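Notes follow once the structure below has been shown.
The values are calculated or read from the model by the stated rules, or taken from the named source; none is laboratory data. Quick caveat, the model's predicted, so the values are computed rather than measured. Here the Cβ positions follow ideal geometry from the backbone for every residue, glycine too, while neighbour counts run over all protein chains shown. SASA here: full protein model, heavy atoms, side chains in, ligands and nucleic acids out. Shrake-Rupley method; radii C 1.70, N 1.55, O 1.52, S 1.80 Å.
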Amino acid sequence: MKVVAAVKRVVDYNVKVRVKSDQSGVDIGNVKMSMNPFDEIAVEAATRLKEAGTATEVIAVSCGLSSSQETLRTALAIGADRGILVETDAELQPLAVAKLLKAVIDKEQPQLVILGKQAIDDDAGQTGQLLAALLDWPQATFASNIEIDGSIATVTREVDGGLEVISMQLPAIVTTDLRLNEPRYVTLPNIMKAKKKPLETITSSDLGVDPSPRLKTLKVVEPPSRKAGVIVPDVATLVEKLKTEAKVI
Ligand code: AMP
């Protein structure tokens with residue numbers, strides 16, 4: 001069973017992003033970039049399936065600029081067997097990524113495709129769902145456990161107020177939630193080994209996909225800054241302020 005893990009290069013989660021002065025987006029010049037954290041979980045999940053003998057090959061796929069090769073190398077260091085970069089300098093929106101991934105999947109014919117539940121830069125949370133619709137495959141989103149038995153995947157999903165367990169026929173799409181696993185620490189020997197693993201680069205036109213955006217960003221602004229709080233001397237003053245100033249009681 002081949003497994004594909006989709007990995008996106010995003011601004012590292014520790015970086016405090018700044019909005020560009022022309023409000024056209026976020027300034028990513030000179031900031032640290034990393035693999036989207038939910039995609040690390042996806043690669044880890046795929047690698048564990050291979051280590052358990054369930055998967056035969058793990059393919060990491062990324063769409064974007066040539067710098068995404070670095071992100072793919074990280075996926076190879078975690079345990080993916082090979083990488084595919086769909087290189088494009090288009091501003092990629094979830095629908096375009098889903099179309100590009102579908103074209104790769106049509107070629108590679110994996111039984112399972114694992115994506116992150118959301119990319120921490122655009123917070124769209126759409127790509128896995130769009131991909132499942134384009135492929136007409138079943139999907140299990142926000143997975144906290146995956147078990148494969150023959151051609152059936154049993155997935156535990158994190159839902160409001162509990163856990164939902166569903167089963168679906170492969171081939172299928174899974175998107176990862178935070179508690180699915182804790183990705184391994186990437187060791188230096190594995191980084192060295194990853195340099196020798198195959199990494200193929202193709203373009204969106206090789207796949208016959210037009211990745212141009214369908215949505216136009218009107219503006220991006222900083223969230224309003226919070227006003228400073230007030231320390232009140234006692235509970236009576238607090239209750240009085242809640243009544244007269246905040247008017248909440
Ligand atoms: P989003 O719908 O943008 O929140 O992204 C959800 C998931 O789709 C991510 O966690 C990735 O697994 C995958 N994805 C999004 N964009 C890309 C990309 N450019 N290349 C590869 N995978 C992507």
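Before moving on, here are some points about what is shown:
- Note on region 1-23: residues that are hydroxyl-bearing (Ser, Thr, Tyr) and free of Cβ contacts under 8 Å to residues at least 12 places away in the same chain amount to 1.
- Selection within region 45-56 - crowded, with 21+ Cβ neighbours inside 10 Å, touching a Gly at 6+ places or on another chain (Cβ under 8 Å) and not polar (S, T, N, Q): ALA46
- Lone qualifier among ILE41, ILE59 - being within 14 Å of the ligand (Cβ to nearest atom), surrounded by 16 or more Cβ atoms within 10 Å (Cβ to Cβ) and without any contact (Cβ under 8 Å) to a residue 60 or more places away in the chain: ILE59
- Complete set of residues in region 6-31 that are open to solvent by less than 60 Å² (accessible area, probe 1.4 Å), touching an Asp or Glu at 6+ places or on another chain (Cβ under 7 Å) and in a strand (DSSP E or B): ALA6, VAL10, VAL11, VAL19
- ILE191 being within 21 Å of ARG48 (Cβ to Cβ), open to solvent by less than 100 Å² (accessible area, probe 1.4 Å), of a type outside the set (S, T, N, Q) and touching a residue at least 12 places away in the same chain (Cβ under 8 Å): yes
- Selection from region 110-154 of residues that are among the polar types (S, T, N, Q) and within 22 Å of LYS50 (Cα to Cα): GLN111, GLN139, THR141, SER144, ASN145, SER151, THR154
- Some residue of region 190-197 being within 21 Å of ILE105 (Cβ to Cβ) and of a type in the set (Lys, Arg): yes
- Top-ranked residue of region 236-249 - restricted to ones that are part of a helix (DSSP H, G or I) and exposed (fewer than 10 other Cβ atoms within 10 Å of the Cβ), ranked as nearest to the chain's Cα centre (by Cα): THR244
- Looking across region 112-154, the residues that are surrounded by 16 or more Cβ atoms within 10 Å (Cβ to Cβ) and on the phi > 0 side of the Ramachandran plot come down to GLY125, PHE142.
- Residue within region 16-33 that is out of contact with any Phe, Trp or Tyr (no Cβ under 6 Å at 6 or more places or on another chain), under 28 Å from PRO110 (Cβ atoms) and within 10 Å of the ligand (Cβ to nearest atom) present: no
- Residue match in region 62-83 (condition: touching a Pro at 6+ places or on another chain (Cβ under 7 Å) and assigned to a helix (DSSP H, G or I)): yes
- LEU76 of a type in the set (A, V, I, L, M, F, W, C), open to solvent by less than 10 Å² (accessible area, probe 1.4 Å), at pLDDT 95 or above and within 22 Å of MET192 (Cβ to Cβ): yes
- Hits in region 95-151 - residues which are aliphatic (A, V, I, L, M) and in a strand (DSSP E or B): LEU112, VAL113, ILE114, LEU115, ALA140, ALA143, ILE146, ILE148
- For region 211-235, a residue qualifies if it is open to solvent by 100 Å² or more (accessible area, probe 1.4 Å) and either among the polar types (S, T, N, Q) or free of Cβ contacts under 8 Å to residues at least 24 places away in the same chain (or both), and the qualifying residues are LYS216, LEU218, PRO223, PRO224, SER225, ARG226, LYS227, VAL230, ILE231, PRO233, VAL235.
- Looking only at region 168-188, and only at residues there that are away from the ligand (no atom under 16 Å from the Cβ) and surrounded by 13 or more Cβ atoms within 10 Å (Cβ to Cβ), the one that is farthest from LEU115 (Cα to Cα): VAL186
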